[in-house]
Every structure is written in structure tokens, then in C-alpha cells.
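The block underneath contains the structure these notes are about, expressed in C-alpha cells.
The values are calculated or read from the model by the stated rules, or taken from the named source; none is laboratory data. Every value quoted in this text rests on a predicted model; they were computed, and no experiment measured them. FYI the Cβ positions are ideal-geometry reconstructions off the backbone, even for glycines, and counts take in every protein chain you see.
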Amino acid sequence: MRITTELGDITQVEADAIVNAANSSLLGGGGVDGAIHAAAGPGLLEACQELRRTRLPGGLPVGDAVATPGFALPARWVIHTVGPNRHAGQTDPALLGSCFARSLDVAAGLGARSVAFPAVSAGVYGWEPQDVATIAVESVRGWAPPRSDGAPADLDGAPGDVEHVRFVLFSARLLEAFDAALAS
């Protein structure tokens, strides 16, 4: 799997799937979440409301992920994940790592070959950019595609495997942190 970083606007990325740093309600918010909802159009909110009505009445748990169509976005799908909020006492790095791994699991299940991530939890959720970058890169590097038959994961690029992960970051500070994590 190829892993790259770039400075940019995740709502403009042409990828099979982009990841939304959502809140557990899935009903939009600020930061990346608000930008994705605004760019996708009203269909995204309707799809998220349907998820809440049917599959996730209590909201999406921290560290988990779920997909919706991308609607007006260049990406075919939006994968929503809820990062841990340090301000609320959610300081377990495994929860943050799960956001990246579960998002890749969902992407693989969709057949997505390219996935773009923001710096989940590095904004208002209070995680330091260096910590997010290290955990994100370790999680992506350590991820193996899930297999429904229980056999070991095929790391040689079987059909449906994610081939390219892009970290699309909105600030030079985040880009620097992710570049450093990739270099180590």
C-alpha cells in the first residue's frame, strides 16, 4: 500500500473514499465534519439520519466507522469515523488507531482502492498533531485487509484491497507532523 501526505481540502479530493472526522451523532458539526457535510449536499445528512434511524440509534461509537455515498463530493463514498476526544477524557491511543483501521476495513468492504484521511482528533478533540500522525501512520502501516473466510490476509494486493492512502491535511503544522511520522 502506498501512503502519501498532502496539504489540501479533503472535500476536493478525487479518491474512492474520503474519511470524515465525524461526531457520534453523524448529523454534522464543525471543522472537517461540517465542511464535508456542506460540500456533499443535503443527501449526506439524509443518509446519516437514516443510519441513525435504522442501524445506529445510539450514534456511532468512538473508534468505529460506517460509510455513506459521497453525493456531490468527488469521492464515491464518505467513511465516517468518531475519534476520541481528549477533552472528554478519551486518551487511549488504541481508540484513535481504531478510527484508521476500522475506516480501512470499511473501505476494503466497499472495494475502495484509494482512501483519503484527515487528521482525526487533531482539531477540537485536543490530540497533539505529532501523536495523531504517529498513531495514524502506525495504524495504516499495520493494517491488513479483512478476510471473510477466516484465512490470513493477503498482503499482495488482492482485488478490493486499498492501494493508496492519502493523508490530506489542512495546515502546514499537520503536514509536517505526518511527514515526520512517515519518515520514521
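With respect to the conditions (1) buried (at least 19 other Cβ atoms within 10 Å of the Cβ); (2) over 10 Å from the mean Cα position of the chain (by Cα); (3) of a type in the set (A, V, I, L, M), Ile79 lacks only one, and its number is (2). Strands (runs of 3 or more DSSP E) fully within the stretch 1-113 that include at least 2 residues being within 24 Å of Leu175 (Cα to Cα): 2-7, 17-22, 77-82. Annotation for the stretch 107-116: no member residue is within 17 Å of Ile10 (Cα to Cα) and at pLDDT below 95. Number of residues in the stretch 22-44 that are buried (at least 22 other Cβ atoms within 10 Å of the Cβ) and at positive phi equals 1.
Within the stretch 1-21, if we keep just the residues that are touching a Leu at 6+ places or on another chain (Cβ under 8 Å) and within 22 Å of Val124 (Cβ to Cβ), the residue that is surrounded by the fewest Cβ atoms within 10 Å (Cβ to Cβ) turns out to be Leu7. The C-beta contact set for the stretch 68-94 (first residue on the phi > 0 side of the Ramachandran plot, second residue surrounded by fewer than 20 Cβ atoms within 10 Å (Cβ to Cβ), distance under 6 angstrom, 6+ apart or interchain) comprises Phe71/Gly41; Phe71/Gly43.
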